[in-house]
């Protein structure tokens, strides 16, 4: 049986108490939400924080608060909360993404903040300690080589969060709290393109809120590729959000790919949709351009060439859905 290494446990009641602990521990402490990713990683010795700071009892972190025409979501809301709360239906991609994670049991425990800060994944990293030791470990943990690209100076582990691509497509912002005060940034800015240093959050900061703006006129969706229909992390995800005028012309567009790099990939090709009528031909042309950003490496499931082809089909399908067109033929 795999067991967690020893750790010190704190159960604060307020954000101020959490940030005080994080500041005092100087990087030794790790926030603990649902623990659905962190605890298994600790058992496999991927992460070994000597101090855990539980968030379950922290006041306000499970609130859903109106913010003008938008909404503010507490970071300790569960994925099940996000998938089922009728107040969040205008931001459809978020519910679809949260509802696609793992199993009902995991969604009942896993949190929004935990999913946004999810550790990057790789075929050579997400193995037990004995397996990793047999290959000399890898750059992400205890080794000095990235086995995905042995000549590379960086780690190519992929971002596998489901909610981040959806929320970035929805224009979300996040609040990071510390003893020095709060700072609010676009969610996109939270991520770095590096499998090891993948978060732009300081060790003394806690992600407390996700802020969503007015959803009026927006249509959004989230498509996820994985081997099994549940449980598995994404091998590819596509989040699309479009705003159309009454005549069917696209006035704003965002497309974000997940699980194709060490951070969610925001696709500039979406800008080319603006000012054009929503048609199947436009969706297909945009999908061809967007799929060029999907450059599969040997760090996750499925054959590389097939994953590349599927990227175009998924983008086209997601675009057709938010355009209100019939699904493309198989």
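Read-outs: derived from the displayed coordinates by stated rules, not from any lab. Please read these numbers as outputs of a predicted model, since none were measured by experiment. A quick note on method: Cβ atoms are made from the backbone with ideal geometry, for glycine too, and the neighbour counts reach across all protein chains shown.
Table for the structure above
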read-out: Rounded to 10°, Cα long-axis angle of helix 15-25 versus longest principal axis of the chain; value: 60
read-out: The chain: angle of helix 304-323 to the longest principal axis, Cα-based, in degrees nearest 10; value: 60
read-out: For the stretch 57-106, the fraction of alpha-carbon pairs in successive 10 Å shells from zero, as %; value: 25, 53, 20, 1
read-out: Under the Debye formula (equal points on every Cα, no solvent term), log10 I(q)/I(0) of the stretch 218-323 at q = 0.11, 0.16, 0.22 Å⁻¹; value: -0.32, -0.64, -1.11
read-out: FRET E, pair residue 284, residue 16, Förster distance 35 Å, beta-carbon r, rounded to 0.05; value: 0.10
read-out: Computed [θ] at 222 nm, helices only, for the chain once each DSSP H run of length n ≥ 4 contributes -39500 (n - 2.57); value: -7500 deg cm²/dmol
read-out: Two-site FRET efficiency, residue 39 against residue 63, from Cβ-Cβ distance with R₀ of 25 Å, rounded to 0.05; value: 0.50
read-out: Cα-based shape type of the stretch 254-297, given that a ≥ b ≥ c are square roots of the gyration tensor eigenvalues and the cut on a/c is 1.5; value: prolate
read-out: Size descriptor, Kirkwood hydrodynamic radius, that averages inverse alpha-carbon separations across the stretch 2-109, Å; value: 15.4
read-out: Pair residue 268, residue 28: separation of 7 Å Cα→Cβ label points (nm); value: 4.6
read-out: Nearest-0.05 FRET efficiency for residue 180 and residue 231, computed from C-beta distance (R0 41 Å); value: 0.55
read-out: Ordering of 251-260, 76-85 by burial proxy (mean other Cβ atoms within 10 Å per residue, highest first); value: 251-260, 76-85
read-out: Cα-based Rg of the stretch 78-134 normalised by 2.2 N^0.38 Å, two decimals; value: 1.46
read-out: Shape category assigned to the stretch 174-269 from the gyration tensor of Cα positions, a/c cut at 1.5; value: oblate
read-out: Estimated distance in nm for a label pair at residue 251 and residue 56, the labels positioned 7 Å out from Cα along Cα-to-Cβ; value: 4.6
read-out: Length-normalised contact order of the stretch 11-92 in % [C-alpha pairs under 8 Å, at least 6 apart]; value: 27
read-out: Listed peptides 314-320, 25-31, 4-10 by packing density, highest first (mean Cβ within 10 Å); value: 314-320, 25-31, 4-10
read-out: Cα-only radius of gyration and Dmax that characterise the stretch 1-53, units Å; value: 11.4, 37
read-out: Gyration tensor (alpha-carbon) shape descriptor, the stretch 145-226, a/c threshold 1.5; value: oblate
